[in-house]
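To start, the structure itself, in C-alpha cells.
The values are calculated or read from the model by the stated rules, or taken from the named source; none is laboratory data. Nothing here was measured: the structure is a model prediction, and the numbers come from that model. Note: ideal-geometry Cβ built from the backbone for every residue, glycine included; neighbour counts use all protein chains shown.
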Amino acid sequence: MSQVLGRTWRAVVRETRTGRAALRATPRRTVIAEATASLLVAAIGLLPLLAVHPDRPLPAVLEGCWAALLVPVRRRWPVLAVLGTAPLLVGHNVWTLVAIPLIVLSATRDITPSRRAWRAVLVTGALALSLAALAGVREAPTLLLELAGRVVSVLLLLVLPALSGTLLGRRRPLVRLLRERNAYLEQARSLTAAAARMEERARIAGEMHDLLGHRLSLISVHAGALEITAARQAPPLAGQAELLRTTAGSAMNELREILDVLRSEELTTQSPEGNRGTREDIAELVAESRKAGVTVELTWAGPDTPDAGPRTRQAVHRVVREALTNVLKHAAGAPTLVEVRHADGRIEVSVTNEAPRVTGHPLAGNQSGLAGLDERVRLLGGSFVAGLVPKGGFRVAARLPSVPAGTVAFPEQADPTSPPAALLPVGSPRSGAPSPDAVHAEVYAPLSAEALTWPRLLGAGCVAALVVLPTVIFLVVFLAIAVLRPTGN
C-alpha cells in the first residue's frame, strides 16, 4: 500500500513540475485568455445563484467552482476534463450546464485518436447515469423518469458536443496538410517566376550588349579621331569633339551599369551606380549640360546624400538628367535652375527652365521619359509633378524619402515644392503625358495561404454548428424554465 501511495505521490509531483514548465512556456496571451474564460464560467455558474436560490446552496457553489476549474484543465488533460463533467451533469447547479458543451467540444477536439475521445465520452455518460441512479434510489416511483431525463441531458450536453469536437479535430491534420501544400506551391511559383524573370533579363541584357555596345564603341572611336583632327585643323571645335567622345564613353559605361543591374536582382551600394545622386554627381551633370550649351545653375540645401538609399539617389540622378536632357532638346538656350533640398528624411529635387529665348525647331518627343520618372518615383513611395509654369517655362519636381520603405506605395499625387497653381501635372490635357493610371499596372496583394483552406474550415464550422444546434436550443429552454419556475411559485 505504501509503495502504491509513493508511486502516486511521485507521479503527482512529476506532473506538477511538468505543468509548471508548460505554464511558463505558454504565451502570455493564451494564459490571459484561459484565465478570462475561467472567470467567465465562474460568473455564469455563481452569480445567478444570488437571484435564483437553489435547494442546496453549498453543492451548487462547489459545482460552479468545479466548472471554472475544468476550463484550464481541458487544455493539458482533455480526457480528465471530459470525465470531470460527469458530476456537473447530475448536479444541483443548472447554470453550470452552459459550460459543459463548451468544455467537451474543446477537449474532444484535442484528443487523438477520436476513438479515445469516444471512450472518454462513454465512460463519462455511464458515470453520470450511475450517479443519477444512486441519487434517485430514494424516489423509486420517479426513478425511470429521472433516468430518462438524464439520458437526454447526456445525449444533448455530452454526445453532440463530442461529435462536433471530433469533427473539428479530424479537420486539423487536413487543414495543416493543405496549408503546407499551399505554402510549397506558393514558394514553387515564386521560384519559377524569379527564374523566368532572371532568364528574360539576361536575354535583354545580351540583346542590348550586342546591339548597342558595338554602335557606341564605333561612336567613341570615331569621336576620338574627330577630336584629334579638330585639335589640328579646327581648334574651336575641339571642345565639342571632346564632349562627343566623353559622352560616348559615359554612355558605354552606363550601358555596362544597366547590364549589370539587369543581370542582378537589385541595385546595391557596391554597384557602379552606388555613388549616383550625390552632390558631386549632380554637379557633374550640371557641368556636362553647361558644356553642351545649357545655361544652368545648381542650388543645394541641406547635407549631402551618401547615407540615403541607393535607389533614392539613383532616382534623384535620373530626374535631374532627364530634365536637363529635355531642356537641351526642347528649350535650348533657356536659363535653367536645378534645386535640391535634403532635410527631415526627404529629398526634394526640381529642375525649372524658362521659356526658350530663341525660337527653333525642338526635337519631337512622346514624354515617355517623364512617365518613366513618375513610375520610378512612385514605386519608391515619393511624388512626382511635371508641367508648364505660367511664364512659358517647364518644371520637373520630385519628392522622395531618403530611405524608401520595403513595401511598394502609391501615394496621392502631391505638389512637392509648392509650385504655382498653373503648374500642369503629368497626365493633364495640356501636358500630353500619359496619366499615372495608364502608366502603372494594377497591383494586387498576394493571396494568403489560407485561401484554399478557408472553405474547408468553413464547412467544418457549419457542420459543427448544426450538430450542437439542438444543444443550444435545449439549454435556452431549460434555463428559461429554471428562471421562470420560482416566479410561477
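For segment 203-259, enumerate the residues that are among the small types (Gly, Ala, Ser) and more than 47 Å from the chain's Cα centre (by Cα). Spell out the reasoning first.
The first filter runs over segment 203-259 and keeps only residues among the small types (Gly, Ala, Ser), leaving 205-206, 213, 217, 220, 223-225, 230-231, 234, 238-239, 241, 248-251.
Matches in segment 203-259: Ser217, Ser220, Ala223, Gly224, Ala225, Ala230, Ala231, Ala234, Ala238, Gly239, Ala241.
Among the listed residues Leu70, Leu47, which satisfies the condition of being assigned to a helix (DSSP H, G or I) and surrounded by fewer than 22 Cβ atoms within 10 Å (Cβ to Cβ)?
Checking each option against the conditions leaves just Leu47.
At pLDDT 85 or above and either over 15 Å from Arg346 (Cα atoms) or small (Gly, Ala, Ser) (or both): which single residue out of Gly365, Gly392, Gly387, Gly369 fits that description?
Criteria check complete, one pass: Gly387.
Just to verify a result, which residue in segment 81-116, among those that are over 20 Å from Ala132 (Cα atoms) and of a type in the set (A, V, I, L, M), is surrounded by the fewest Cβ atoms within 10 Å (Cβ to Cβ)?
Among those that are over 20 Å from Ala132 (Cα atoms) and of a type in the set (A, V, I, L, M), it is Leu102.
Might you let me know whether segment 302-321 holds any residue that is closer than 17 Å to Gly392 by Cα and assigned to a loop (DSSP other than H, G, I, E, B)?
No, because not a single residue in segment 302-321 is closer than 17 Å to Gly392 by Cα and assigned to a loop (DSSP other than H, G, I, E, B).
Output the residue which, of all residues in segment 304-356 that are free of Cβ contacts under 8 Å to residues at least 40 places away in the same chain and not hydrophobic (A, V, I, L, M, F, W, C), is farthest from Arg276 (Cα to Cα).
It comes out as Pro356.
Looking at Ala308, Ala355, Ala331, Ala323, can you tell me which residue is modelled with pLDDT of 85 or more and of a type in the set (A, V, I, L, M)?
None of the others qualify; the one that does is Ala323.
Yes or no: Gly149 farther than 21 Å from Val467 by Cβ, assigned to a helix (DSSP H, G or I) and in the same structural domain as Glu34 (by TED's automatic domain parsing)?
Taking the combined requirement at face value, the residue satisfies it.
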